[in-house]
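The values are calculated or read from the model by the stated rules, or taken from the named source; none is laboratory data. Note that the coordinates shown come from a computational prediction; the quantities given were computed from them, not determined experimentally. So basically every Cβ, Gly included, is an ideal-geometry build from the backbone, and we count neighbours across all protein chains shown.
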Amino acid sequence: MSVYEVLEERGFIQQVTHDEEVRELLAKEKITFYIGFDPTADSLHVGHFLGMMVMAHMQRAGHRPICLIGGGTTMVGDPSGKTDMRRMMTREEIDANGERFKKQMQRFLDFAEDRALMLNNADWLLDLNYVEFLREIGVHFSVNRMLTAECYRNRMEKGLTFLEFNYMLMQAYDFLELNRRTGCVMQLGGADQWSNILAGADLIRRKESKPAYGLTFTLLTTSDGRKMGKTEKGALWLDPEKTPPYDFYQYWRNIDDADVANCLALLTFLPMDEVRRLGALAGSEINTAKKTLAYEVTKLIHGEQEADKARQAAEALFGGSDDLDNVPTTVFTPADIVGKRIIDILPATGLVASVGEGRRLIAGGGLYIGDDKVDDQNCVIGEAAVSGGSLMLRKGKKTYHRLVIEK
């Protein structure tokens with residue numbers, strides 16, 4: 001089975017520029033391809049995870065990935081999928097974020113002996129002569145056609161800056177530059193990048209008289225069309241400091257039943273026969289599939305040891321085990337906690353971001369100490385409560401946090 005058929009069977013492929021040519025190309029040749037990552041944050045998130053899975057499947061089939069860090073394009077900002085202009089970032093912020101991306105990508109791809117490349121478009125974009133760029137690249141772009149692209153059309157009502165209008169040209173130039181430098185013949189990206197990918201493939205065909213291709217993969221959404229990866233605390237990050245492995249595990253453990261099969265296909269390397277078997281489980285048995293999904297995804301992102309810890313913590317909380325060592329924990333001294341309001345302690349645990357959020361949690365009946373609901377926002381922790389050396393807090397039905405009191 002070719003890698004195209006693998007990606008198709010697992011549900012990745014959304015659109016492709018030349019279907020039959022790309023099928024034949026990926027089956028018969030080993031190509032260099034790229035995906036771009038604009039470092040607008042200091043960590044990759046679960047949306048990027050899908051792209052890295054595509055790259056990993058492609059590399060396993062013998063193709064060479066280029067991870068292109070958008071050190072130059074991030075200084076402009078991609079309008080695709082955005083209703084407002086991005087915050088302008090400094091070069092120092094962008095470079096620091098790019099370095100963090102590199103470390104996270106190395107968990108998925110083998111960069112030894114140029115089997116994968118890590119490049120930064122700042123190396124060629126930031127030194128461009130603007131007039132020369134317009135004469136060489138801009139002449140090939142029709143403004144009328146660009147304005148029909150979804151990434152621009154959606155912004156017209158709120159206002160599209162000329163800064164952002166340049167983004168498509170810059171991304172197309174990236175593809176051309178990679179083609180010239182490395183022989184890259186294909187750009188991959190999320191479905192929202194289709195217009196930009198088409199522009200790059202067309203530019204190579206015009207400038208170099210060579211074939212170039214584009215392919216988009218589906219965005220990670222729920223069965224009812226909502227984007228996945230959003231939590232109460234914000235995005236689902238791949239950095240363990242931003243989203244701890246236990247929280248990451250629990251996100252996948254608690255997804256809707258209807259989304260399990262799709263996530264198993266897209267976010268794990270389990271054989272499709274096993275994906276279909278697990279996805280077909282019904283009733284309470286679907287929990288077996290969810291546990292498998294949560295473990296496999298956590299193992300890919302955080303490693304086997306952290307996945308084991310997350311699974312053990314979940315079993316301790318929900319399966320009746322007495323081993324609580326891996327449950328999310330904050331350590332306090334008696335002086336830190338005794339006589340203090342629970343609402344003032346909550347932000348330090350990470351269960352809420354602020355005292356105000358804690359008030360709303362208690363008012364909504366969503367906070368428990370052990371099995372007892374906290375009804376009073378001025379509830380104070382007494383000495384008797386900490387005499388056993390620990391307290392278990394619960395937010396809602398499934399979010400636990402242990403307070404350990406060290407004397």
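Could you identify the single residue in SER209, SER195, SER223 that is more than 26 Å from LYS103 (Cβ to Cβ), surrounded by fewer than 17 Cβ atoms within 10 Å (Cβ to Cβ) and either of a type in the set (A, V, I, L, M, F, W, C) or under 25 Å from the mean Cα position of the chain (by Cα) (or both)? Let's see the steps before the verdict.
Working: SER209 fails: either of a type in the set (A, V, I, L, M, F, W, C) or under 25 Å from the mean Cα position of the chain (by Cα) (or both); SER195 fails: surrounded by fewer than 17 Cβ atoms within 10 Å (Cβ to Cβ).
Matching residue, one of SER209, SER195, SER223: SER223.
Take the residues in segment 230-243 that are part of a loop (DSSP other than H, G, I, E, B) and modelled with pLDDT of 80 or more; name whichever of them is farthest from the chain's Cα centre (by Cα). So that I can check it myself, show each step before the final result.
Quick first cut of segment 230-243, residues part of a loop (DSSP other than H, G, I, E, B) only: 232-233, 236, 238-243.
Going one step further and asking which of them are modelled with pLDDT of 80 or more, we end up with 236, 238-243.
Values: LEU236: 7, LEU238: 7, ASP239: 10, PRO240: 13, GLU241: 15, LYS242: 12, THR243: 11 Å.
Selected residue: GLU241.
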Just the residues that are under 17 Å from ASP38 (Cα atoms) and touching a Lys or Arg at 6+ places or on another chain (Cβ under 8 Å), please, taken from segment 166-224. LEU219
Checking the condition free of Cβ contacts under 8 Å to residues at least 24 places away in the same chain and under 30 Å from ALA61 (Cα atoms), which residue from PRO271, PRO211 passes? PRO271
Tabulated pairs, segment 344-355, first within 14 Å of HIS401 (Cα to Cα), second loosely packed, with under 14 Cβ neighbours inside 10 Å and small (Gly, Ala, Ser), C-beta under 9 angstrom, 6+ apart or interchain: LEU346/SER354; PRO347/ALA353; PRO347/SER354
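The rows are residues; the columns are (1) outside any helix (DSSP H, G or I); (2) modelled with pLDDT under 75; (3) not β-branched (Val, Ile, Thr).
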| site | (1), (2), (3) |
| --- | --- |
| VAL331 | yes, no, no |
| PRO347 | no, no, yes |
| VAL352 | yes, no, no |
| ILE362 | no, no, no |
| TYR368 | yes, no, yes |
| ALA385 | no, yes, yes |
Cβ-Cβ below 8 Å, separation at least six or inter-chain, first residue in segment 105-131 and in the same structural domain as ILE69 (by TED's automatic domain parsing), second assigned to a loop (DSSP other than H, G, I, E, B) and among the aromatic types (Phe, Trp, Tyr): which pairs? LEU117/PHE111; MET118/PHE111
Is segment 253-274 home to any residue that is surrounded by fewer than 17 Cβ atoms within 10 Å (Cβ to Cβ) and within 14 Å of PHE49 (Cα to Cα)? yes
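Just give me the residues in segment 40-66 being among the polar types (S, T, N, Q) and closer than 23 Å to THR243 by Cα, in sequence order.
Start the filter on segment 40-66 by keeping residues that are among the polar types (S, T, N, Q), which leaves 40, 43, 59.
Scanning segment 40-66 gives THR40, SER43.
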Enumerated helices (runs of 4 or more DSSP H) restricted to segment 244-300, each holding at least 1 residues that are closer than 30 Å to THR349 by Cα and of a type in the set (Phe, Trp, Tyr): 245-253
Listed by first then second residue, the pairs whose first member lies in segment 38-54 and is without any contact (Cβ under 8 Å) to a residue 60 or more places away in the chain, whose partner is buried (at least 21 other Cβ atoms within 10 Å of the Cβ) and acidic (Asp, Glu), with beta carbons under 7 Å and at least 6 positions apart or on separate chains, are ASP38/ASP78
Would you call ARG60 surrounded by fewer than 21 Cβ atoms within 10 Å (Cβ to Cβ), of a type outside the set (Phe, Trp, Tyr), farther than 15 Å from GLY189 by Cα and modelled with pLDDT under 90? no
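Kindly indicate whether LEU119 is in a strand (DSSP E or B), out of contact with any Cys (no Cβ under 7 Å at 6 or more places or on another chain), surrounded by 13 or more Cβ atoms within 10 Å (Cβ to Cβ) and modelled with pLDDT of 70 or more. Spell out the reasoning first.
Working: in a strand (DSSP E or B): yes; out of contact with any Cys (no Cβ under 7 Å at 6 or more places or on another chain): yes; surrounded by 13 or more Cβ atoms within 10 Å (Cβ to Cβ): yes; modelled with pLDDT of 70 or more: yes.
Yes, satisfied.
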